[in-house]
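What follows is one structure encoded as structure tokens, with my remarks underneath.
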Amino acid sequence: MDFGVSFLSNNVMLPILDFFYRIVPSYGLAIVALTLVVRFAVYPLSANSIRSMRRTRITQPIMQKRVKEIQERYKEDPAKQQEEMSKLYKEFGNPLAGCLPVLLQMPVLFALFATLRGSPFSDINYSVNLQIFPQEQIEQIQPQPFATSPQNIYVADGVHAPIIGLVPSGNRLTVGEKTKFEFQTPEGKPISALVAENGNTQLVPRWQVIKGQERVRIDENGNIEALEPGDATIQGTIPGLAAEKGFLFIEALGRVGAVDKDGTVHWDTVVMVLLFGVSLYVNQLLSGQGSTGSTSSNPQQDTVNKITPIIFSGMFLFFPLPAGVLMYMLIANIFQTVQTFVLSREPLPENLQKLVEVQEKETKGRESLPFEPSRSKKKASS
């Protein structure tokens, strides 16, 4: 179950991508435009989440103190304790309120992520597990076509269709039997016909045996021959049309990883990973999560916040993603950083502003509060 991710990807993300590509025939610009459209679409949800996190960060010290007082005062009266807790959450807001907007926008963001990991930006693989039996068992095997799940494939720029991988005689073969691994639409139209209709000569599928090479053979045209009994796995691959296309300093949108097996370093990917880490760190500073100093009440959490950008950046080196996906994540993170900066300058509600002023008085002579750095400095200079 993908919670509507495939539906959103095929019926929302791809049409938007095609729209921008028709305006400016550049898949790189299409990724930028699609990312910005989606981020603006979920802006109200993410803004509510950022505001809620900011409010929680300001009220957390007082709420913790009040919660302890209520629990201690009404420990013998659970009903009264619950009543007072409800009043407290009504006054300060529920700390979990910021989670709902995040959950609501997740399917949209996952759909965008899935779109950029698919065709035309990446090669699409179809795998088939074969069972090969001795010839004397041929009468026990009922030939039945085997088809993979359909995947949306770009057969030309701006033209895509659902494509399945089909083995007409099924995935249960006998030794010496020959068949073919074909690509076609669910209605039966070969992918070669779609490619010919659109004049694209670059989309050439390839096949390989990825398990049980001694049991099965497959040639460059997808012809399969069973050699000996056992299990085997074959894989057909349809190349992504935009996988080798570049954008700005990015050499290939579909290239995966910063370092090739031969040791070649792709500095475009390295730069994007580093920029992602920097943008994540700046975002933390703006939101107050990266603050340090005497105002910090949780040194362990401060340490986690400091190393989070390093962990996430390093993750993309050890678990690489296509360059196009990295570009999307970098743009989205920069967008959220700007959004956090703008929202952090919004005036606080009156009741929260009073709390800030009280805390500023209590912390007079110490460092400024992490959530109002500029305000504290202005007061200090006045």
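Only the coordinates and a few stated rules stand behind these numbers; no lab work does. Predicted, not measured: the structure shown is a model, and the values here were computed from it. With ideal geometry, Cβ positions are generated from the backbone for all residues, glycine too; neighbour counts draw on all protein chains shown.
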### Task
Tell me which residues come under 5 Å, amide H to amide H, from residue 153 once H is placed; ignore anything under 5 positions away on its chain.
161, 163
### Query
So who's got an amide H within less than 5 Å of the one on residue 259, skipping anything under 5 residues away but keeping other chains? H placed 1.01 Å off N, in plane.
266
### Net charge, residue 28 excluded, C-beta distance under 14 Å - Lys, Arg +1, Asp, Glu -1
-2
### Query
Efficiency by 1/(1 + (r/R0)^6): what FRET value for residue 342 and residue 29, r their Cβ-Cβ distance, R0 = 30 Å, to the nearest 0.05?
0.75
### Summary
Listed by chain and number, the residues whose amide H is under 5 Å from that of residue 184, excluding neighbours fewer than 5 places away on the same chain and using placed H, are 164, 166, 191
## Note on the structure
Residue by residue through the range 209-224, the couplings from Karplus 6.51 cos²θ - 1.76 cosθ + 1.60 with θ = phi - 60°, in Hz, x for Gly and Pro, are 9, 9, 8, x, 4, 7, 9, 8, 10, 9, 9, 5, 9, x, 6, 10
### Query
Arranged by the count of other C-beta atoms within 10 angstrom, fewest first, what order do 344, 46, 86 take?
86, 344, 46
#### Entry: Cβ-based net charge around residue 190, under 12 Å, with every Lys or Arg adding one and every Asp or Glu removing one
-1
### Task
Could you list 63, 106, 13 in order of exposure, starting from the residue whose Cβ has the fewest other Cβ atoms within 10 Å?
106, 63, 13
### Task
Would you give the gap between the C-alpha center of the range 6-35 and the C-alpha center of the range 215-281, rounded to a whole Å?
22 Å
#### Entry: Residue-by-residue Karplus 3J(HN,Hα) for the range 172-186, coefficients 6.51, -1.76, 1.60, Hz, glycine and proline x
10, 10, 10, 4, x, 6, 10, 8, 9, 9, 10, 10, 7, 6, x
### Query
Which order results if 276, 121 are arranged by neighbouring Cβ count within 10 Å, fewest first?
276, 121
### Query
Contour minus end-to-end for residue 161 and residue 136, with contour as 0.36 nm per residue of separation and end-to-end as the Cα-Cα distance?
4.9 nm
### Query
Using a basic spin-label model with each label point 7 Å from the Cα along Cα→Cβ, how many nm lie between residue 202 and residue 285?
4.1 nm
